[in-house]
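J.: Before I ask anything, let me first share the structure, which is written out below as structure tokens.
The values are calculated or read from the model by the stated rules, or taken from the named source; none is laboratory data. Note that this is a predicted model, so its numbers are computed, not measured. Methodologically, a virtual Cβ is constructed for each residue, glycine included, from the backbone with ideal geometry; neighbour enumeration extends over all protein chains shown. We work out accessible area using only protein heavy atoms, side chains counted, and drop any ligands, DNA or RNA first. Shrake-Rupley method; radii C 1.70, N 1.55, O 1.52, S 1.80 Å.
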Amino acid sequence: MGVVIGIDLGTTNSCVAYLEAGKPKVIPNLEGQRTTPSVVSLTSSGETLIGSLALRQAVTNPENTVLAIKRLIGKKYDSKEAKETEKKMPYKLAGADNGDVMVVVNSEMISPQEVSSLILGYLKECAESYLEQDVEEAVITVPANFNDHERKATKDAAKICGLKVLRVINEPTSACLAYGLEAKKNAIAAVYDLGGGTFDITLMEISDGVFHVLATNGNSYLGGEDFDNRIVDWIMEEFKKENNVDLSKNKLARQRIKEAAERAKQALSFSMESKIHLPFIFSDKSGPMHIQLSLTRAKLEDLTSDLISATFPFIEQTLKDSKLTPRDIDQVILVGGQTRMPKIKEMIANFFGKKPIEDINPEEIVALGAAVQSGIIEGKTDESTLLLDVTPLSLGIETENDTFVKIIERNTTIPTRRSRVFTTVKHNQKRVRVHVLQGESSKASDNISLAEFNLVGIYAAPAGVPQISVTFEIDADGIVKVSAKDEDSGRIQKIEVKPSSGLSSEQIEKIIQKTQEEGGEEEEEGIEQAEEKEEVEETEEEEKEE
């Protein structure tokens, strides 16, 4: 086994790390930066730019520069999240044949998995350059509240760029691994993770090398992007008041304002006021117009107070699920760039009655934890190190009258296997439909549909007589398998939950082949140019924790 890297595939920035001599280390990218903007841009000449180079294209080539793709991975085009993203982002979205959301770049539809694979591929390249060897395996982090669709889509993105994912690990869990390995002490820790696009809260017990997740919760569509957008909206409102001009539909102007909003937000983590100056933002018959505003920390807090407050019901529910109180928490760990905001630190300190730990870089700790997990898999850490994670959402099936019956409750330690017996609703029924769902609502239609399959060949019998045993299994990655068995006939139908959305195996293989062919063409072109001058089966391994 070669080096296994740990990757935090973030909404705003991504980071890659590995384990060296028992300690996790961040791998700098090819430009020497410790984090890489999660941005991809396709130029009119067909060139693909990734990271900082792509970010520089955001103003000059906004429609073909893709930001915050993590907010769309595993989503449907008609979803609330996709519609909200489409309003705020300069690039266009479209729907695939199966209803998945697609990004339109240079008049071509590209899946979020393909965009994410370009970012992952760049991080892979950075690791190979730094380590001076091929890298083929990785541990990748995802938000704790990611559902089955989103987790599988992330694994598909890795497969496209040639990475075998040994483990998918929840971001707050990963952060706690990095913290706990360094701290080497027993504690109950709360991990407050507010990144660019998602929010998670996780409670974990660290005891003699055992990392046991007690409960987790969150919102997969709440993050720093929403804070930025509040500032953007405020700037545009102020401009409209002064000039009677609406800039909301002007993509070039909006992107310039967004970049200024991000800079102002970051500056207000260290100062009380930030100047926003954007010359020549618009021009009409009366001449050029400029933006000249002053944003104070107090105003920022006022604009975003409801976003911060929205995280606390999740904290309270997680404490309730784990039967703990704020006083039971020994350490509070902040993860994600948005947690640099002083108001967030203040409110978290007040809620838990203790200051959060501030000696850990919130933008790097998740990747460092993924590197620790890679070391556990490779056997490079203390043999006593053990990770016990949980499933963030309940799993079950639909029954009569749109009812959702839970088989595995949320916050159940994984890997796990649970069964429940059901029966038929009609006389002489010879088949049953098993509709697999994920969520918390008692109403089936309000939850996330994961898959459907039929168990056929049931012995004819009066309604209520057949015994149909439905079994759910969740592996260490949080990936679901379901089986149904008719106890009388012995008929069994099994399925590894493959969502109706997402890329099929055939689509993934086509994308991989296309990428390889394009790479081969570039290599051949390079050889020809040089000559002219002188005359370039995935197996999911379930971790066994003993």
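J.: I'd like to know if the stretch 328-342 contains one or more residues that are touching an Asp or Glu at 6+ places or on another chain (Cβ under 8 Å), at pLDDT 90 or above and open to solvent by 20 Å² or more (accessible area, probe 1.4 Å).
T.: Checking the stretch 328-342: at least one residue is touching an Asp or Glu at 6+ places or on another chain (Cβ under 8 Å), at pLDDT 90 or above and open to solvent by 20 Å² or more (accessible area, probe 1.4 Å).
J.: Moving on. Taking the stretch 343-352 as the region of interest, how many residues are open to solvent by less than 30 Å² (accessible area, probe 1.4 Å) and within 16 Å of ASP306 (Cβ to Cβ)?
T.: The first filter runs over the stretch 343-352 and keeps only residues open to solvent by less than 30 Å² (accessible area, probe 1.4 Å), leaving 344, 348-349, 352.
Now drop any that are not within 16 Å of ASP306 (Cβ to Cβ), which leaves 344.
Number satisfying all stated conditions: 1.
J.: For the stretch 276-297, indicate whether the set of residues that are of a type outside the set (Val, Ile, Thr), at pLDDT 95 or above and part of a loop (DSSP other than H, G, I, E, B) is non-empty.
T.: Scanning the stretch 276-297, I find no residue that is of a type outside the set (Val, Ile, Thr), at pLDDT 95 or above and part of a loop (DSSP other than H, G, I, E, B), so the answer is no.
J.: Here is a follow-up. Within the stretch 244-294, how many residues turn out to be among the hydroxyl-bearing types (Ser, Thr, Tyr) and within 22 Å of GLU86 (Cα to Cα)?
T.: First, the residues of the stretch 244-294 that are among the hydroxyl-bearing types (Ser, Thr, Tyr): 248, 269, 271, 274, 283, 286, 294.
Add one more test, that the residue is within 22 Å of GLU86 (Cα to Cα), and what stays is 248.
Here the count works out to 1.
J.: Inspect all residues belonging to the stretch 72-92 and state whether any of them is touching a Cys at 6+ places or on another chain (Cβ under 7 Å) and more than 19 Å from VAL139 (Cβ to Cβ).
T.: Going through the stretch 72-92, the residues touching a Cys at 6+ places or on another chain (Cβ under 7 Å) turn out to be none.
No, the stretch 72-92 contains no residue that is touching a Cys at 6+ places or on another chain (Cβ under 7 Å) and more than 19 Å from VAL139 (Cβ to Cβ).
J.: Taking only pairs six or more apart or across chains, which ones have beta-carbon atoms under 7 Å, a first residue in the stretch 309-335 that is of a type in the set (Lys, Arg), and a second residue that is loosely packed, with under 13 Cβ neighbours inside 10 Å?
T.: As it stands, the answer is ARG327/GLY353, since those pairs meet every condition given.
J.: Using beta carbons and a limit of 8 Å, which pairs, at least six apart or on different chains, have the first residue in the stretch 480-503 and part of a loop (DSSP other than H, G, I, E, B) and the second one at pLDDT below 70 and surrounded by 14 or more Cβ atoms within 10 Å (Cβ to Cβ)?
T.: Partner pairs satisfying both residue conditions: none exist.
J.: What tally of residues in the stretch 43-61 results from selecting those that are under 23 Å from the mean Cα position of the chain (by Cα) and modelled with pLDDT of 90 or more?
T.: Number of matching residues: 8.
J.: So ARG256 fits all but one of (1) of a type outside the set (A, V, I, L, M, F, W, C); (2) part of a loop (DSSP other than H, G, I, E, B); (3) in contact with a Leu (Cβ under 8 Å, 6 or more places away or on another chain); what number is the exception?
T.: Here ARG256 clears every test but (2).
J.: Mind checking which residues of the stretch 379-426 are open to solvent by 30 Å² or more (accessible area, probe 1.4 Å) and closer than 24 Å to PRO24 by Cβ? Walk me through how you get there before you give the answer.
T.: Restricting attention to the stretch 379-426, the residues satisfying the condition of being open to solvent by 30 Å² or more (accessible area, probe 1.4 Å) are 379-380, 382-384, 386, 388, 398-403, 406, 409-410, 413, 415, 417-423, 425-426.
Matches in the stretch 379-426: GLY379, LYS380, ASP382, GLU383, SER384, LEU386, LEU388.
J.: While we're on this one: With the stretch 177-245 as the region, which strands (runs of 3 or more DSSP E) entirely inside it contain at least 2 residues that are farther than 18 Å from LYS265 by Cβ and touching a Cys at 6+ places or on another chain (Cβ under 6 Å)? So that I can check it myself, show each step before the final result.
T.: Working: elements: 187-194, 199-207, 210-219.
The qualifying strands (runs of 3 or more DSSP E) are 187-194.
J.: Here is a follow-up. Can you tell me how many residues in the stretch 439-456 are touching a strand residue (DSSP E or B) at 6+ places or on another chain (Cβ under 6 Å) and open to solvent by 60 Å² or more (accessible area, probe 1.4 Å)?
T.: Of the residues in that region, 4 qualify.
Here is a yes/no grid of residues against (1) crowded, with 21+ Cβ neighbours inside 10 Å; (2) closer than 24 Å to VAL66 by Cβ; (3) touching a Leu at 6+ places or on another chain (Cβ under 7 Å):
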position: GLN133; (1), (2), (3): no, no, no
position: ARG151; (1), (2), (3): yes, yes, no
position: ASP156; (1), (2), (3): yes, yes, yes
position: ALA175; (1), (2), (3): yes, no, no
position: TYR179; (1), (2), (3): yes, no, no
position: ASN186; (1), (2), (3): no, no, no
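J.: What residue, among those in the stretch 11-31 that are at pLDDT below 95 and small (Gly, Ala, Ser), is most open to solvent (accessible area, probe 1.4 Å)?
T.: ALA21
J.: I've got another one for you. Tally up the residues in the stretch 107-131 that are among the polar types (S, T, N, Q) and either surrounded by fewer than 23 Cβ atoms within 10 Å (Cβ to Cβ) or assigned to a loop (DSSP other than H, G, I, E, B) (or both), please. Give the derivation first.
T.: First, the residues of the stretch 107-131 that are among the polar types (S, T, N, Q): 107, 111, 113, 116-117, 129.
Checking which are either surrounded by fewer than 23 Cβ atoms within 10 Å (Cβ to Cβ) or assigned to a loop (DSSP other than H, G, I, E, B) (or both) leaves us with 107, 111, 129.
Residues in the stretch 107-131 being among the polar types (S, T, N, Q) and either surrounded by fewer than 23 Cβ atoms within 10 Å (Cβ to Cβ) or assigned to a loop (DSSP other than H, G, I, E, B) (or both): 3 in total.
J.: When you go through (1) in contact with a helix residue (DSSP H, G or I) (Cβ under 8 Å, 6 or more places away or on another chain); (2) aliphatic (A, V, I, L, M); (3) surrounded by fewer than 23 Cβ atoms within 10 Å (Cβ to Cβ) one by one for ILE69, which number turns out not to apply?
T.: Result: ILE69 fails condition (3) only.
J.: Same structure, new question: Return a yes/no flag: does the stretch 234-256 have any residue that is buried (at least 21 other Cβ atoms within 10 Å of the Cβ), of a type in the set (Val, Ile, Thr) and at pLDDT 95 or above.
T.: Within the stretch 234-256, one or more residues are buried (at least 21 other Cβ atoms within 10 Å of the Cβ), of a type in the set (Val, Ile, Thr) and at pLDDT 95 or above.
J.: Please state which of the following conditions LYS88 fails to meet, knowing it meets all the rest: (1) at pLDDT below 90; (2) in contact with an Asp or Glu (Cβ under 6 Å, 6 or more places away or on another chain).
T.: Single failed check for LYS88: (2).
J.: Could you tell me whether GLU205 is on the phi < 0 side of the Ramachandran plot, charged (D, E, K, R) and open to solvent by 20 Å² or more (accessible area, probe 1.4 Å)? Outline the logic, then answer.
T.: On the way: on the phi < 0 side of the Ramachandran plot: yes; charged (D, E, K, R): yes; open to solvent by 20 Å² or more (accessible area, probe 1.4 Å): yes.
Answer is yes for this residue.
J.: While we're looking at this one, here's another question. Would you confirm whether any residue within the stretch 510-527 is modelled with pLDDT of 55 or more, among the hydroxyl-bearing types (Ser, Thr, Tyr), out of contact with any His (no Cβ under 6 Å at 6 or more places or on another chain) and surrounded by 13 or more Cβ atoms within 10 Å (Cβ to Cβ)?
T.: Within the stretch 510-527 (the criterion being modelled with pLDDT of 55 or more, among the hydroxyl-bearing types (Ser, Thr, Tyr), out of contact with any His (no Cβ under 6 Å at 6 or more places or on another chain) and surrounded by 13 or more Cβ atoms within 10 Å (Cβ to Cβ)), the answer is yes, since at least one residue qualifies.
J.: Is it fair to say ALA54 is open to solvent by less than 20 Å² (accessible area, probe 1.4 Å) and in a helix (DSSP H, G or I)? Spell out the reasoning first.
T.: Values: open to solvent by less than 20 Å² (accessible area, probe 1.4 Å): yes; in a helix (DSSP H, G or I): yes.
Spelling it out, ALA54 is indeed open to solvent by less than 20 Å² (accessible area, probe 1.4 Å) and in a helix (DSSP H, G or I).
J.: Within the stretch 81-106, how many residues turn out to be among the polar types (S, T, N, Q) and either open to solvent by 20 Å² or more (accessible area, probe 1.4 Å) or more than 19 Å from the chain's Cα centre (by Cα) (or both)? Give the steps one after another, and end with the answer.
T.: As a first pass, look at the stretch 81-106 and keep what is among the polar types (S, T, N, Q): 85, 98, 106.
The next check asks that each one be either open to solvent by 20 Å² or more (accessible area, probe 1.4 Å) or more than 19 Å from the chain's Cα centre (by Cα) (or both); those that pass are 98, 106.
Matching residues across the stretch 81-106 total 2.
J.: Same structure, new question: I'd like to know if the stretch 431-438 contains one or more residues that are at pLDDT below 90 and surrounded by fewer than 19 Cβ atoms within 10 Å (Cβ to Cβ).
T.: yes
J.: Quick check on my filter: what residues within the stretch 302-327 are more than 25 Å from the chain's Cα centre (by Cα), within 24 Å of SER269 (Cα to Cα) and open to solvent by 50 Å² or more (accessible area, probe 1.4 Å)?
T.: ASP302
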